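Scroll down for the structure; my scribbles are underneath it.
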Amino acid sequence: MEKHLICLDLDGTLLTDDKSISPYTKEVLNTLKNKGHELMISTGRPYRASEPYYTELGMDTPIVNFNGAFVHHPHDFNFRTVHEELDLEVAIEIARRIPALNIQNVIAEIKDTVYLHYHDEVLFDAFSMGEPVVKVGELTQTMEEGPTTILIQAEEKEIPAIRQELDDLFAEAIEHRRWGAPYPVLEIIKKGINKAVGVDYARGYLGIDRRNTIAFGDEDNDTEMLQYVAHGVAMNNAIDDIKSVADYVTDSNNDDGVGKFLADYFSLKI
């Protein structure tokens, strides 16, 4: 079989709810890697929070972080890194509007620096994986360059109004996506950036035909990626919108959905 590119979202997809890769799915992925297929992580997480899984699977491919806003190759220093930043003035204006939009908190990330608008122990713990530099304070004062991403924490009932306001004010400059568990937040990245853009860039580098691409996802931020690849697979625990754009629906992240689909697709006897 021709070489395939297998694109893996992490939370709610490859990872079980306890944030591990199940033994069966890991065996399937290692078998495919040994057969010459390429495994690639495509996640909303920063690299520091996805590196343990990249290492665990022994990957040697580019990795798509921040939903496509940061693409690099940890082992190939000749790979041209992509880093798409939000406009600093737009980011500061969003921070200025926190009270008017009933936003509980805003987190801005610039690679491995995390800016918290308000101190929050839960958020601090959630975003401190990989030991980033963490700065707390008014984002209008602390941010010195355009962030890679902005994450908005708000009550669920406020999200539709916040998204509408963002569209009204910044539609030409930003994209926004909803994250699910474990970090239910609204993410903002640069206009035109999504996981599909990162996957396409990495696919070109790897020299794999688009018809030999598979991707797995479960949330809003996986939409474009599942539409881009030849075989888009939604997890059984995915939101309905993702299931509606996917070509297939597999078992849940806790039931080896990734491993089972791939074993069937590649006719593996595991």
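The values are calculated or read from the model by the stated rules, or taken from the named source; none is laboratory data. Quick caveat, the model's predicted, so the values are computed rather than measured. As a convention, Cβ positions derive from the backbone with ideal geometry for all residues, glycine included, and neighbour counts pool all protein chains shown. Ligands, DNA and RNA are stripped out before the accessible areas are found, and what is left, the full protein with its side chains, is counted by its heavy atoms. Shrake-Rupley method; radii C 1.70, N 1.55, O 1.52, S 1.80 Å.
For the stretch 1-138, the solvent-accessible area with a 1.4 angstrom probe is 43 square angstrom per residue.
Model label sites at Asp241 and Gln227, defined 7 Å from Cα along the beta-carbon direction, differ in position by 1.1 nm. Quick one: pull the percent of accessible area on the stretch 1-78 belonging to carbon and sulfur, 1.4 Å probe, ligands and nucleic acids left out. Result for the stretch 1-78: 49 percent of the exposed heavy-atom area is carbon or sulfur. Averaging Cα coordinates gives a centre for the stretch 1-77 and one for the stretch 142-214; these two points are 19 Å apart. Normalised by the residues of the chain, what does the relative contact order come to in percent, with Cα pairs under 8 Å and at least six apart? So the answer I get is 21 percent. At full extension, His75 and Tyr248 could sit 59.0 nm farther apart than now, given 0.36 nm per residue minus the alpha carbon distance.
So, R0 is 45 Å and r is the distance between the beta-carbons of Glu89 and Ser267; what FRET efficiency does that work out to, to 0.05?
Efficiency at R0 = 45 Å is approximately 0.25.
The heavy atoms of Asp241 present about 110 square angstrom of accessible area, all protein chains included, probe 1.4 Å. Taking the accessible area of the stretch 128-270, probe 1.4 Å, and keeping the other protein chains in place, the carbon and sulfur fraction comes to 43%. Only helices enter this figure: runs of n ≥ 4 DSSP H residues, each worth -39500 (n - 2.57), summed and divided by the residues of the chain, yield -8000 deg cm²/dmol at 222 nm to the nearest 500. I'd like the orientation of helix 195-206 relative to the chain: the angle between its Cα long axis and the longest Cα principal axis, in ° from 0 to 90, rounded to 10. Result, in degrees: 50. Shown here for the stretch 149-229: GluC sites (Glu not before Pro) in loop regions (DSSP other than H, G, I, E, B) with at most 16 other Cβ atoms within 10 Å, namely Glu155, Glu172.
Over 21 Å between Cα atoms: which of Lys26/Lys243; Lys33/Lys260; Lys195/Lys260; Lys26/Lys111 fall into that group? Correct reply: Lys26/Lys243; Lys195/Lys260; Lys26/Lys111.
Taking a ≥ b ≥ c as the square roots of the Cα gyration tensor eigenvalues, with a/c under 1.5 meaning rounded and otherwise prolate when a/b beats b/c, else oblate, which class fits the stretch 154-239? Kindly include the intermediate steps, with their values, before the conclusion.
Details: a/c = 3.14, a/b = 1.61, b/c = 1.95.
Oblate, since a/c reaches 1.5 and b/c is not below a/b.
Computed extension gain for Asp18 through Val122, at 0.36 nm per residue and net of the alpha carbon distance, reaches 35.7 nm. Rounded to 0.05, the FRET efficiency of the Glu145 and Met1 pair, given R0 = 41 Å and the Cβ-Cβ distance, is 0.35. Remark: the stretch 196-261 carries 39 Å² of accessible area per residue (probe radius 1.4 Å; ligands, DNA and RNA excluded).
At R0 = 30 Å, how high is the FRET efficiency between Lys260 and Met129 if r is their beta carbon distance? Nearest 0.05 is fine. That pair, Lys260 with Met129, gives E of 0.60.
Stretching Val136 away from Arg163 to a fully extended chain increases their span by 7.3 nm, per 0.36 nm per residue minus the current alpha-carbon distance.
For the chain, DSSP calls about 55 percent of its internal beta bridges antiparallel.
Cβ under 13 Å from Ser22's Cβ, Ser22 left aside: what net charge do those residues give with Lys, Arg +1 and Asp, Glu -1?
Local net charge: -4.
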